[in-house]
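Peer 1: Please read through the structure below; I'll follow up with questions.
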Amino acid sequence: MTRKERRATAEVPSADESGVLLDGDSTPGDPDEIPETPPVSLGKRFLQPKTFVSFGLAAFIVYFVVRGLGIDMDAVWEQIRGANLPLLAAAFVSYYSAILIRSIRWRMMLKQVGIDRAHGYRLPGVPGTFEIVTLSLFANCVVPARLGDAYRSFLLKDRSGASFGLGFGTILAERLIDVIVMVGVVVTAGAVVFGTNVPGRAEQAFLLGLGVVILGVLGSIGLHVFRDRIEARIPERFAGHYRRLNKGIFDILRRPLPFAALGVLIWLMDGLRVWLVAESLGASLTIPEAIVVSMLSALVTIVPFTPAGLGLVEGFMVWLLPQVGVPQDTAVAIALIDRSITYLSLILVGLPLYIFNVRRDVKHVRNDLEPATGSN
């Protein structure tokens, strides 16, 4: 089946019991239809001034940390060169295994909201979903403001014919579940590590996460309770998008436990990754301490000042690790190696995928939309 035929199949509307169209695209030419081009062009977005400003901010933070703490970079590089490679390979596998689990979980979410073959969609398999999630993480690494989430929704729409709004709703629900689970995990691990003596900045990161959880829960409740009033106040051409977004969020939040359980596993694997990196350098770090470091470092990226928290995460790890007994130079080595896995490797993996996959797919979509010429 060609791409155009798949789109034609996906354009057949189907409704659930609430009467919400599951495909979200109704008919060609519908003014409510979301364009077939990406909502964000990564190349153009990367070249915008705000992107360079965000990378400049990240560079300034790193410079400030290195100079302010008087870090001996020669000693840091010496430790990095002596790292245990098998343990680093295990840390790499742990990170991408967590992405695989995240991809499987998102695919489960998509099926729960009706994006599957039974409803006329060509839902990608696990490898295809893994590719989409990896590309969205890559996008977050090169542009600020977590635009990779919107990019993930576009890729889903492009490859399955599903509604952009419905797919994006599942991502918003996923984010809320992740933050709630993260706060729960870090509170449990933090109680083991710090007891009642939580360092000031660690407490601030936790309070930031707790604040986001409260706002997310209250916002979700408000969005659900006042959904009819909100819909009545928005322009008619956006009403369909709002309904599909709402459906994507609340079809997941009505039954969140399986996704929350997988979220716990994902965050524990992130803690395992940090522990493996520390072990590769011979640092003394327990599993609960590694979980606290990985979770609190992730919490500081909730407000996306820089792409994927670049600079912020490294600086926070360098500050936090000595709080659990890791020497300063070793803390820098751990931060650099860990971010090589979670940031640099995504650039190295995601860039070829973007160039040879996504751009080709977008070109095919545009060719399909061009009117036939040369024959009548």
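The values are calculated or read from the model by the stated rules, or taken from the named source; none is laboratory data. Being a predicted model, the structure only gives us computed values, none of them experimental. Ideal geometry is used to build each Cβ from the backbone, glycine not excepted, and the neighbour counts take in all protein chains shown.
Peer 1: With respect to the numbered conditions (1) of a type in the set (Ser, Thr, Tyr); (2) touching an Asp or Glu at 6+ places or on another chain (Cβ under 8 Å); (3) assigned to a helix (DSSP H, G or I); (4) in contact (Cβ under 8 Å) with a residue 24 or more places away in the chain, which one is the sole condition not fulfilled by residue 136?
Peer 2: So residue 136 meets the others, but not (4).
Peer 1: Something else about it: Which of the residues spanning region 220-242 are more than 15 Å from residue 254 (Cα to Cα) and surrounded by 13 or more Cβ atoms within 10 Å (Cβ to Cβ)?
Peer 2: Residues satisfying the conditions are 227, 230, 231, 238, 239, 240, 241, 242.
Peer 1: Residues in region 137-189 that are surrounded by fewer than 22 Cβ atoms within 10 Å (Cβ to Cβ), among the basic types (Lys, Arg) and at pLDDT 90 or above: how many?
Peer 2: The qualifying residues number 1.
Peer 1: Give all pairs with beta carbons closer than 9 Å in which a residue from region 338-362 that is among the β-branched types (Val, Ile, Thr) and in a helix (DSSP H, G or I) meets a residue that is buried (at least 18 other Cβ atoms within 10 Å of the Cβ) and at pLDDT below 75; count only pairs at least 6 apart in sequence or on separate chains.
Peer 2: As it stands, the answer is 358/38; 358/42; 362/38, since those pairs meet every condition given.
Peer 1: Filter region 289-339 down to the residues that are among the hydroxyl-bearing types (Ser, Thr, Tyr) and in contact with an Asp or Glu (Cβ under 8 Å, 6 or more places away or on another chain) and list them by number. Don't jump to the end; show me each part of the working.
Peer 2: Applying the first criterion (among the hydroxyl-bearing types (Ser, Thr, Tyr)) to region 289-339 yields 294, 297, 301, 306, 330.
294, the sole residue that qualifies.
Peer 1: Being surrounded by fewer than 17 Cβ atoms within 10 Å (Cβ to Cβ) and under 19 Å from the mean Cα position of the chain (by Cα) narrows it down to one of 310, 299, 351, so name that one. I'd like the intermediate steps shown before the answer.
Peer 2: Working: 310 fails: surrounded by fewer than 17 Cβ atoms within 10 Å (Cβ to Cβ); 299 fails: surrounded by fewer than 17 Cβ atoms within 10 Å (Cβ to Cβ).
Testing whether each residue is surrounded by fewer than 17 Cβ atoms within 10 Å (Cβ to Cβ) and under 19 Å from the mean Cα position of the chain (by Cα) leaves just 351.
Peer 1: Taking residue 115, is it at negative phi and either without any contact (Cβ under 8 Å) to a residue 12 or more places away in the chain or assigned to a helix (DSSP H, G or I) (or both)?
Peer 2: No.
Peer 1: Looking at 58, 91, which one is modelled with pLDDT under 85 and either within 20 Å of residue 266 (Cβ to Cβ) or surrounded by 13 or more Cβ atoms within 10 Å (Cβ to Cβ) (or both)? Walk me through how you get there before you give the answer.
Peer 2: On the way: 91 fails: modelled with pLDDT under 85.
Result of the check over 58, 91: 58.
Peer 1: Tally the residues that are assigned to a helix (DSSP H, G or I), over 23 Å from residue 208 (Cβ atoms) and touching a helix residue (DSSP H, G or I) at 6+ places or on another chain (Cβ under 6 Å), restricting the search to region 159-182.
Peer 2: Here is the first cut: in region 159-182, the ones assigned to a helix (DSSP H, G or I) are 159-160, 164-182.
Checking which are over 23 Å from residue 208 (Cβ atoms) leaves us with 159-160, 164-170.
This time we only want the ones that are touching a helix residue (DSSP H, G or I) at 6+ places or on another chain (Cβ under 6 Å), so: 164-170.
Number of matching residues: 7.
Peer 1: Look through region 270-283, keep the residues that are closer than 19 Å to residue 191 by Cα and not β-branched (Val, Ile, Thr), and return whichever of them is nearest to the chain's Cα centre (by Cα). Don't jump to the end; show me each part of the working.
Peer 2: Residues of region 270-283 closer than 19 Å to residue 191 by Cα: 270-272, 274-275.
If we keep only those that are not β-branched (Val, Ile, Thr) as well, we get 270-272, 275.
Working: 270: 14, 271: 17, 272: 19, 275: 22 Å.
Among those that are closer than 19 Å to residue 191 by Cα and not β-branched (Val, Ile, Thr), it is 270.
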